[in-house]
Each structure stands twice: as C-alpha cells, then as structure tokens.
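Asks: The structure under discussion is supplied below as structure tokens; questions concerning it will follow.
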Amino acid sequence: ANGYYYSRWNKCIYSSHDLSDMVYIDNYIFNKDVYIQFNSTVGEYVGYTEHGVFNAKNWNNNPGQLQGERAELERYCKHNAEIYQSAIADKS
C-alpha cells in the first residue's frame, strides 16, 4: 500500500511482583521508525529524528504534557498490572 503510516505504541515493562522496577514507554512511530519516545525512567521525551528532536524540545517545555505522561506509569501500567496479577493469583 502507498502512503504514510503513523502509529503510537505504549507499553509497560516489569519483571517483579512488587512493580518497583516498572517502566512506561510511549513510542511515536512514522513509517515504522520511532521518531520520538517518552520513557518514564528518563522522565522526558527523546527525539530520534530531526522532527522528533524538534517535538521533544517543545513537549519537554510543556509541564502539563510531561506531567500527564509521567502519571501514566501509575494510572495505566501499575493499575493494570495489579489487575492482571490478582487474576492470575485467583486461578492458582
């Protein structure tokens, strides 16, 4: 297919039951290449292309946007991980 493809993938990575090592990653992808990424360990956006670096600079200067991304670790990742873990524990 011809054209351009934009996608946004976010994921939660962790390996322990206490969730202390959990990391939230939010990737912005254009034509299969990540051009900007938010990583909760870093705490800000990182650009990987010229356009990504430009956006990262602007987005990192927006306190509301950064606060929203940082909150996703608790709101999205830890909340869902606790649900998954309790569902697994209930079955054993």
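The values are calculated or read from the model by the stated rules, or taken from the named source; none is laboratory data. Here the structure is a predicted model, which is why all the values come from computation and not from measurement. Neighbour counts run over all protein chains shown; Cβ positions are idealised from the backbone, glycine included. Only protein heavy atoms, including side chains, enter the accessible area calculation; ligands, DNA and RNA are left aside. Shrake-Rupley method; radii C 1.70, N 1.55, O 1.52, S 1.80 Å.
Asks: Would you be able to tell me the number of residues in the stretch 1-16 that are outside any loop (DSSP other than H, G, I, E, B) and of a type in the set (S, T, N, Q)?
Replies: Matching residues across the stretch 1-16 total 2.
Asks: Among the residues of the stretch 37-69, write down those that are of a type outside the set (Gly, Ala, Ser) and touching an Asp or Glu at 6+ places or on another chain (Cβ under 9 Å).
Replies: Answer for the stretch 37-69, where residues must be of a type outside the set (Gly, Ala, Ser) and touching an Asp or Glu at 6+ places or on another chain (Cβ under 9 Å): Gln37, Phe38, Asn39, Glu44, Tyr45, Tyr48, Thr49, Trp59, Asn60, Leu66, Glu69.
Yes/no per residue for (1) touching a residue at least 40 places away in the same chain (Cβ under 8 Å); (2) in a helix (DSSP H, G or I); (3) β-branched (Val, Ile, Thr); (4) open to solvent by 40 Å² or more (accessible area, probe 1.4 Å):
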site: Asp18; (1), (2), (3), (4): no, no, no, yes
site: Asp26; (1), (2), (3), (4): yes, no, no, no
site: Val34; (1), (2), (3), (4): no, no, yes, yes
site: Thr41; (1), (2), (3), (4): no, no, yes, yes
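Asks: Hey, could you check the stretch 1-16 for residues that are in contact (Cβ under 8 Å) with a residue 40 or more places away in the chain and more than 20 Å from Asn62 (Cβ to Cβ) and say which is surrounded by the most Cβ atoms within 10 Å (Cβ to Cβ)?
Replies: The selected residue is Cys12.
Asks: Are there any pairs, at least 6 apart or on different chains, whose C-beta atoms fall under 7 Å, with the first in the stretch 63-81 and farther than 17 Å from Met22 by Cα and the second part of a helix (DSSP H, G or I) and not acidic (Asp, Glu), and if so, which?
Replies: Close Cβ pairs satisfying both conditions: Gln65/Trp59; Leu66/Asn60.
Asks: Since Ala71 meets every condition but one in (1) hydrophobic (A, V, I, L, M, F, W, C); (2) assigned to a loop (DSSP other than H, G, I, E, B); (3) open to solvent by 30 Å² or more (accessible area, probe 1.4 Å), which condition does it not meet?
Replies: The number of the failed condition is (2).
Asks: Tell me whether the stretch 47-56 contains one or more residues that are in a strand (DSSP E or B), surrounded by 11 or more Cβ atoms within 10 Å (Cβ to Cβ) and in contact with a helix residue (DSSP H, G or I) (Cβ under 6 Å, 6 or more places away or on another chain).
Replies: Yes, the stretch 47-56 has at least one match.
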